[in-house]
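Before any comments, here is the structure.
Only the coordinates and a few stated rules stand behind these numbers; no lab work does. Every value quoted in this text rests on a predicted model; they were computed, and no experiment measured them. Using ideal geometry, Cβ is built from the backbone for each residue, glycine included, and neighbour counts are taken over all protein chains shown.
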Amino acid sequence: MQKVIVICGPTASGKTGLSIKVAQQMQGEVISCDSMQIYKHMNIGTAKPTKEEMQDIKHHLIDFVEPSKRYSVADFRKDALKAIESTLKQNKVPIIVGGTGLYVNCLTQNIQYPTLETDLEYRKLLEEKVEKEGLQVLYEEAKKIDEEAMQTISNNDQKRIMRVLEIYHQTGKTKTELEIESRREPPMYEYIVFAINMDREKLYERINKRVDIMLEQGLIEEVKNLLEMYKEFPTSMQGLGYKEVASYLNGELTKEEMIEKLKMETRRYAKRQLTWFRKDPNIIWLDGLKSPEENIKIILEHYQEK
C-alpha cells in the first residue's frame, strides 16, 4: 500500500514551515487540508503560504474556490484523492497539511459522506430561528440530536451547527451514525499521521502574535475588499478572522474589541483542534518547540518503517 504523510495540529503551531521542509527533503508535494485556504482572495486571514514561503514546492487545493461558492467535505475528499494520485504518479510523496480535523478524518478513515442537496426551505427556517431566538437555541437542539458530533463544534459555529440539523432533517440519521456507516471500506492508502503539539502558553503566545501580524499585513483591508467584491458568502465569511473583522466594519465592535475577540476565538479554536486530534490513538505527536530537523527525523523514521 502506498504511503501518504499527514501533518496536522492546531493553528499557529508551525505546520506550514515544517511541511515545506519535509517536502524538500523527501521529494514531496503539499496537499492543503485547510477549509479556509481553499478560497481565493482570502490570503491574510487564512495564513495562506506565500510564493516565497512555498519555496518552489507544489501546493494543491489552495486558492481555487470563489468565496461565494459552497465547498463540502465530500468535495474536498474527491479533490484531495485526485491530488494524492497525481503526486504518487510522479513518484513524489504526498504530504497532507492542515488543521481541519473533518478533512483529515475523511481521508484517513475513508469517510464517504452522502451527497445531500441543500433543502433551502429548511435552511431558511433555521436562519430565521437564529435571527429571532439566537444561535444557542439551534446549538442545544443539535446537541439533543447528536451529542457526540457536537463535542467538537463551538456554540458560535453556525455553519456546522446547521449542518448537523440539516443532515438529521434530510436523512433521519445523525451525522455520527452516517459517518460510522460510511467507514465500511478501509482507506486505499497508508496514512501516517503526525500532529504538532506544544506548551499551551507558548501556543497562545504564538496565536496572539499571529493575529497582530495579520492586522499589520492588512487583514481589515482584505475583509473590506471581499465585502465589496461579493454580495453573498455562504460559508467563507463565517471563517475565523473574517466574521470578527466584518463585525468591526459593520460597527458592532470597536477595533480593540475586535482584536481581543479574534485572539480569544483563535485560542478557543486551537483548543478544539487539539481535542479533536487527541481522539485519534494512531496519531504520532511531534513537539512544536523542537527544531524542524528533529521532527523531520521522526517523520522519516516512521515513513521508512516497513
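Details
- Converting phi to 3J(HN,Hα) with the Karplus coefficients 6.51, -1.76 and 1.60 and the offset θ = phi - 60°, the stretch 166-173 yields 5, 4, 5, 4, 8, 10, x, 10 Hz in sequence order, with x at every glycine or proline.
- A DSSP coil position with no more than 12 other Cβ atoms inside 10 Å describes the following trypsin sites (Lys or Arg not before Pro) in the stretch 1-107: Arg70.
- Set Lys69/Lys159; Lys143/Lys175; Lys69/Lys129; Lys263/Lys290; Lys15/Lys82 screened for pairs whose C-alpha atoms are more than 18 Å apart: Lys69/Lys129; Lys263/Lys290; Lys15/Lys82
- The value of relative contact order for the stretch 120-181, using C-alpha pairs under 8 Å at least six residues apart, is 30 percent.
- For the stretch 254-306, GluC sites (Glu not before Pro) meeting the loop criterion (DSSP other than H, G, I, E, B) and having at most 15 other Cβ atoms within 10 Å: Glu305.
- The amide H of Tyr191, built 1.01 Å from its N in the peptide plane, has Val4 as neighbours under 5 Å, considering only residues 5 or more places off or on other chains.
- Between Ser72 and Arg183, residue separation times 0.36 nm minus the direct Cα-Cα distance comes to 38.2 nm.
- Relative contact order, whole percent, for the chain stands at 28, derived from Cα pairs under 8 Å and 6 or more residues apart.
- Among Asp56, Asp280, Asp157, the order by Cβ neighbours within 10 angstrom, fewest to most, reads Asp56, Asp280, Asp157.
- The phi-based Karplus calculation (6.51 cos²θ - 1.76 cosθ + 1.60; θ = phi - 60°) puts the 3J(HN,Hα) values of the stretch 64-75 at 9, 10, 5, x, 7, 9, 7, 9, 9, 4, 4, 4 Hz, whole numbers, x for Gly and Pro.
- Taking amide H positions as modeled 1.01 Å from N, with prolines and chain starts lacking one, the residues under 5 Å from Val93 and 5 or more places away or on another chain are Gly28, Glu29.
- Across the stretch 44-49, rounded Karplus estimates of 3J(HN,Hα) from the backbone phi angles (6.51 cos²θ - 1.76 cosθ + 1.60, θ = phi - 60°) give 5, x, 9, 6, 5, x Hz, Gly and Pro being marked x.
- Low-density loop positions, trypsin sites (Lys or Arg not before Pro), the stretch 118-196 - DSSP coil, at most 16 other Cβ in 10 Å: Lys173, Arg183, Arg184
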